Amino acid sequence: MAGTAIGAPSANTIQSYRDTSRRYITLHLGRVKLEKLGPLDVEQMLFEMRKQGKSASISAYALRVLKMALQQGVRWQMLPRNVADAVRPPKVERKEMQVWTAEQVASFLDETQSHRLHAAFYLALMTGMRRGEVMGLKWVDVDFERSRLTVRHNLVEVQGNGIPGKILAGKPTITSSTVELTTPKSKASRRTIYSLSRHDVQIERTPSAPERRTTGLWISLGGSGNGLCHAPRRLRTPKCLLQLA
């Protein structure tokens, strides 16, 4: 279930299934017995979600999760058929991807020169590396002699179940977050990036300290000393990054 086996879903994917089931599927279909569940019940769930203002993509994802769950019931011979197969997913409008111009990139890098995460911003913009890939770098991934680095790890925020007894804003927690170093799932993600410059990337070795939880690589962020490039939540979206530029 943790996503460690080949082909198994990641921990975040599993938690996404759980959250979707709790928020939408159980809410709308939880009182319907499986043997009495029909396509019209599923259609009603999508109708109620649309009435509540849920987007087409969220509704389509909820339907997909429901289909997977029912299909597992069919494989286990607990159900004769998958009634959700008869339901068409809502049409999702694909929005055109918005990217920065060269001028916006230059302006952003200039404005963030003094920011502690500037080196991470630079590396991501110049190489196309994802945030988690930048955060997951280790010393063994960097080859200064050949001016290249290899993406072998991905630092991800894993969503899990709430911590028993923990209260947040007067209510028991439903989910919790931890940070985990994982291996990219696809071969395309495990790649080597060439033509790097030590001066441009500004990499320094982490001061050794037994008590520090290090990965062995210190991207010069003037930062926390744990070897990982943790970005504040408010800086984790392109929209927020644009506001800095």
Exercise. Once the mean 1/r over all distinct Cα pairs of the stretch 11-86 is inverted, what Kirkwood radius in angstroms do you read off?
Worked result: 12.7 Å
Seminar exercise, completed: Expected sort for 126, 49, 135, 68 with the fewest Cβ neighbours (10 Å cutoff) up front is 68, 126, 49, 135
Exercise. So what's the net charge close to residue 185: Lys and Arg +1, Asp and Glu -1, counting the other residues with Cβ under 14 Å from its Cβ?
Worked result: +3
Problem set entry | Other-chain or far-sequence residues with amide H under 5 Å of residue 182's (modelled H) | 154, 155, 156
Seminar exercise, completed: In this structure, among 54/187; 54/95; 95/185; 51/95; 33/54; 67/91, pairs with alpha-carbon gaps over 28 Å are 54/187
Seminar exercise, completed: Counting only residues 5 or more apart in sequence or on a different chain, those whose built amide H sits under 5 Å from that of residue 191 are 151
Exercise. Around residue 148, which amide H atoms from residues at least 5 apart in sequence, or from another chain, sit under 5 Å from its own amide H, with H modelled in the peptide plane?
Worked result: 143, 196
For this session: Rounded to whole Hz and in sequence order, give me ³J(HN,Hα) for the stretch 58-66 from the Karplus expression 6.51 cos²θ - 1.76 cosθ + 1.60, θ = phi - 60°, writing x for Gly and Pro.
Result: 5, 5, 5, 5, 4, 5, 5, 5, 4
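Every read-out reported here was derived from the displayed coordinates using simple, explicitly stated rules and does not represent laboratory data. Predicted model only: the values in this text are computed from it and were never measured. All Cβ positions, even for glycine, are placed from backbone atoms using ideal geometry, and neighbour counts span all protein chains on display.
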